[in-house]
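**Q** My structure is below; once you've seen it, I'll send some questions.
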There are 2 protein chains.
Amino acid sequence: MNLGLVFGGQSYEHEISIVSAITLKDVLKKEVKFIFCDKDRDFYLIDPKNMKATYFSSFEYKKSKKLILKNGGFFSEGAFSSKKIDVQVYVNLIHGCDGEDGKLASLFEFFDVKFIGTRLKPAILSYDKVLTKFLANITGVKTLNYQILKRNEEITIKPPFILKPATLGSSIGISIVKDESEITYALDKSFEFDDTLLVEPFFEGVRECNLAGYKADSKMEFSMIEEPNKDEFLDFDQKYLRFSDSKTIKEANLDEKLKEKLRKAFSKIYSYGFDGSLIRCDFFIIDDEIYLNEINTNPGSLAHYLFDNFEDRLYDLARNLPSYKKIEIDYNYVKSISVYK
Amino acid sequence: MNLGLVFGGQSYEHEISIVSAITLKDVLKKEVKFIFCDKDRDFYLIDPKNMKATYFSSFEYKKSKKLILKNGGFFSEGAFSSKKIDVQVYVNLIHGCDGEDGKLASLFEFFDVKFIGTRLKPAILSYDKVLTKFLANITGVKTLNYQILKRNEEITIKPPFILKPATLGSSIGISIVKDESEITYALDKSFEFDDTLLVEPFFEGVRECNLAGYKADSKMEFSMIEEPNKDEFLDFDQKYLRFSDSKTIKEANLDEKLKEKLRKAFSKIYSYGFDGSLIRCDFFIIDDEIYLNEINTNPGSLAHYLFDNFEDRLYDLARNLPSYKKIEIDYNYVKSISVYK
């Protein structure tokens, strides 16, 4: 089975995605294909030997073979022929816009392309921090108390609180407000990225735990539970630079009961249509109670550093993708209404 | 400006969409292009003179020019050239799956194609009856009390109630249960279409009102308010056959205060990112209070029969589509981390 990693995208995290793909190239021993989506959303087949950051930042990638997405997969176009790329399962490795906002999932679902990645609806809900609250609520997982804030609305939560753009991944545009005097600046900063913000109480030094997982053969498979090192919260650079160096990963020191609670909460979330994807859920732990913070439908480098035998697991997931019943169309309805004949 | 109507799709409402497109061909006086998405999701450019139901049911459409969706729009492919179809704005006229579940919106957003139709996120929320409750809630519009039901769960609402598959448009799979004895059969019937059902109390003879609208030049434009003729509720055939005959439309006899209430509720819903689309919201009226029933992001034939000067309004909307800021990618990040060079 050939896998094809799709990375890049019209996204604030375009460059992060390149780093993700380069990292996975070293992690995966079997050869995979690399499909780059550039900022103009043109697709290119990248030779593995060119998987270096400078190949993209110098725009040299434009010399690579251009691809077109059609029914069944990616095709290279020649003057006289169209050749299908020999990939059986694509892996969505685009972070943020295009990759995590449901667009790539839509493209793959529409063109009947097998892929590892979160499907359209759960992707949309996970990508929006307000909708994530709703997802957690209907699957029975707790989250922190919150307020939805539009421009010029009054904040009802007292400082310290945290402001988050509702629809951005990573930590872009997030501000912590510890004192009333910081509110105006923080609002300006966060509203630059989104028209809707989420306000949540901020707990200094709150314990965080990250857990990744996927489903194969109808069974949930989990990673180790990580307790991220943090300086209040992880900013953009901290969050992504670390996946080059898995030695910095710190396993959470939790009792088995709490670990089991985390896995149970993860499974509840995952049951909302996440089949076919490997995701990471980030939780808060407060007084032995767990609260979902966010769902990463495309964690950096697929959170490979949290798993043993990551490569085997990825192929295992690739063999366990959800399939869809095709809708039969018999034209009996239009045949029955003579007025349209 | 040339419009292009996109219809068909891998959808239970594929045939309805064909009828929608044929109906609009008669309604619109200016020439438009017709793009058919067949059940295998191949696209064809249909000559207006072939816009007859039998052209599709006989599969004659396969003789039409095949199109490919790429950056910027649809293209016809020849051996030596790729020619862009001369359309400035496409109109999403696919009902149900593909059209209303966010997939076509994703394709158009991804490939930077201008289109009339609901954008990805509001489409997803409107397509799922449970998420619609959430959308109404965060925009401040009331809905009926409800229960989310999975297989083998207990129904907590007493009959009479109505069962609806959570993610289907139209009235497919909907059952009314008036007596406990009818529950088992009704559940079997509705679970055939979806794994999640919505249970709502059923009010015999409840008053229903439908209102369509769109935004142009930052101003909401509304249709007349329709009170649908009904036999308890509209089934599949009733709902769609009527858009061939707009004389059967019955304007709701409401006082101005209630009409204004409906328009206000519609505007609140629409404010959740519906710019660029013409939608129809269906409401219940109970004791002078209004409740959102459902949002139709692609009403049959775009609910043209509810508007005066529909054609002018469609072009007006086409000139008022939302635009998106392109994300700049400067490669400063990958340039800064020497390890990936």
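**Q** Looking at B:ILE269, is it assigned to a strand (DSSP E or B) and either hydrophobic (A, V, I, L, M, F, W, C) or open to solvent by less than 60 Å² (accessible area, probe 1.4 Å) (or both)?
**A** Considered against the rule, which asks whether it is assigned to a strand (DSSP E or B) and either hydrophobic (A, V, I, L, M, F, W, C) or open to solvent by less than 60 Å² (accessible area, probe 1.4 Å) (or both), B:ILE269 comes out as no.
**Q** Would you point out which residue out of B:ARG319, B:ARG313, B:ARG263, B:ARG280 is within 28 Å of B:PHE203 (Cβ to Cβ), open to solvent by 50 Å² or more (accessible area, probe 1.4 Å), at pLDDT 95 or above and away from chain A (no Cβ under 14 Å)?
**A** From the options B:ARG319, B:ARG313, B:ARG263, B:ARG280, the qualifying one is B:ARG263.
**Q** Confirm whether B:LYS150 is open to solvent by 10 Å² or more (accessible area, probe 1.4 Å) and either within 14 Å of another protein chain (Cβ to nearest Cβ) or touching a helix residue (DSSP H, G or I) at 6+ places or on another chain (Cβ under 8 Å) (or both).
**A** yes
**Q** Please determine whether any residue of segment A:163-176 is out of contact with any His (no Cβ under 9 Å at 6 or more places or on another chain), touching a residue at least 12 places away in the same chain (Cβ under 8 Å), in a strand (DSSP E or B) and aliphatic (A, V, I, L, M).
**A** Yes, because at least one residue in segment A:163-176 is out of contact with any His (no Cβ under 9 Å at 6 or more places or on another chain), touching a residue at least 12 places away in the same chain (Cβ under 8 Å), in a strand (DSSP E or B) and aliphatic (A, V, I, L, M).
**Q** Run down B:VAL91, B:VAL19 and say which single residue is touching a residue at least 40 places away in the same chain (Cβ under 8 Å), buried (at least 21 other Cβ atoms within 10 Å of the Cβ) and more than 14 Å from every other protein chain (Cβ to nearest Cβ).
**A** That would be B:VAL91, the only listed residue that is touching a residue at least 40 places away in the same chain (Cβ under 8 Å), buried (at least 21 other Cβ atoms within 10 Å of the Cβ) and more than 14 Å from every other protein chain (Cβ to nearest Cβ).
**Q** Right, something else. Could you list, in sequence order, the residues of segment B:288-341 that are small (Gly, Ala, Ser) and touching a residue at least 60 places away in the same chain (Cβ under 8 Å)?
**A** Selection gives B:GLY300, B:SER301, B:ALA303, B:ALA318.
**Q** Could I ask something else about it? Determine the pairs where a residue that is free of Cβ contacts under 8 Å to residues at least 60 places away in the same chain and facing chain A (nearest Cβ under 9 Å), located within segment B:56-79, has a partner that is part of a strand (DSSP E or B) and open to solvent by 50 Å² or more (accessible area, probe 1.4 Å) with Cβ atoms under 6 Å apart, the partner being 6 or more residues away or on another chain.
**A** B:ILE68/B:GLU77
**Q** So, in segment B:142-154, exactly how many residues are free of Cβ contacts under 8 Å to residues at least 60 places away in the same chain and within 23 Å of B:GLY205 (Cα to Cα)?
**A** Summing the residues that are free of Cβ contacts under 8 Å to residues at least 60 places away in the same chain and within 23 Å of B:GLY205 (Cα to Cα) in segment B:142-154 gives 3.
**Q** Residue pairs, Cβ under 9 Å, 6 or more apart or interchain, first in segment B:129-141 and more than 9 Å from chain A (Cβ to nearest Cβ) and at positive phi, second surrounded by fewer than 22 Cβ atoms within 10 Å (Cβ to Cβ) and modelled with pLDDT of 95 or more. List them.
**A** Close Cβ pairs (under 9 Å, with a partner that is surrounded by fewer than 22 Cβ atoms within 10 Å (Cβ to Cβ) and modelled with pLDDT of 95 or more) amount to B:GLY140/B:ALA265; B:GLY140/B:LYS268.
**Q** Restrict the check to segment A:300-311 and report whether at least one residue is within 15 Å of A:VAL141 (Cβ to Cβ) and outside any strand (DSSP E or B).
**A** No, every residue in segment A:300-311 fails to be within 15 Å of A:VAL141 (Cβ to Cβ) and outside any strand (DSSP E or B).
**Q** Only one of these is of a type in the set (Phe, Trp, Tyr) and open to solvent by 90 Å² or more (accessible area, probe 1.4 Å): A:TYR324, A:TYR305, A:TYR333. Name it.
**A** So the residue among A:TYR324, A:TYR305, A:TYR333 that is of a type in the set (Phe, Trp, Tyr) and open to solvent by 90 Å² or more (accessible area, probe 1.4 Å) is A:TYR324.
**Q** Quick test of your reading of the structure: B:ALA212 fulfils all but one of (1) out of contact with any Cys (no Cβ under 9 Å at 6 or more places or on another chain); (2) aliphatic (A, V, I, L, M); (3) surrounded by 20 or more Cβ atoms within 10 Å (Cβ to Cβ). Name the failing condition by number.
**A** Answer for B:ALA212: the failing condition is (1).
**Q** Kindly indicate whether A:TYR127 is aromatic (Phe, Trp, Tyr), in contact with a Leu (Cβ under 6 Å, 6 or more places away or on another chain) and either under 17 Å from A:THR196 (Cα atoms) or open to solvent by 30 Å² or more (accessible area, probe 1.4 Å) (or both).
**A** When the stated conditions are applied, A:TYR127 does not pass them.
**Q** What's the total number of residues in segment A:110-128 that are charged (D, E, K, R) and either on the phi > 0 side of the Ramachandran plot or free of Cβ contacts under 8 Å to residues at least 60 places away in the same chain (or both)?
**A** Counting residues in segment A:110-128 that are charged (D, E, K, R) and either on the phi > 0 side of the Ramachandran plot or free of Cβ contacts under 8 Å to residues at least 60 places away in the same chain (or both) gives 2.
**Q** Here's a follow-up. Among A:GLU200, A:GLU182, which is open to solvent by less than 90 Å² (accessible area, probe 1.4 Å) and under 12 Å from A:ASN293 (Cα atoms)?
**A** A:GLU200
**Q** If only one of B:ASP47, B:ASP26 is open to solvent by 10 Å² or more (accessible area, probe 1.4 Å), farther than 15 Å from B:SER64 by Cα and without any contact (Cβ under 8 Å) to a residue 24 or more places away in the chain, which one is it?
**A** Residue meeting the stated conditions: B:ASP26.
The values are calculated or read from the model by the stated rules, or taken from the named source; none is laboratory data. As the structure is a computational prediction, the values presented were derived from the model and not from experiment. Heads up, the Cβs are rebuilt from the backbone with ideal geometry, glycines too, and the neighbour counts pull from every protein chain shown. Only protein heavy atoms, including side chains, enter the accessible area calculation; ligands, DNA and RNA are left aside. Shrake-Rupley method; radii C 1.70, N 1.55, O 1.52, S 1.80 Å.
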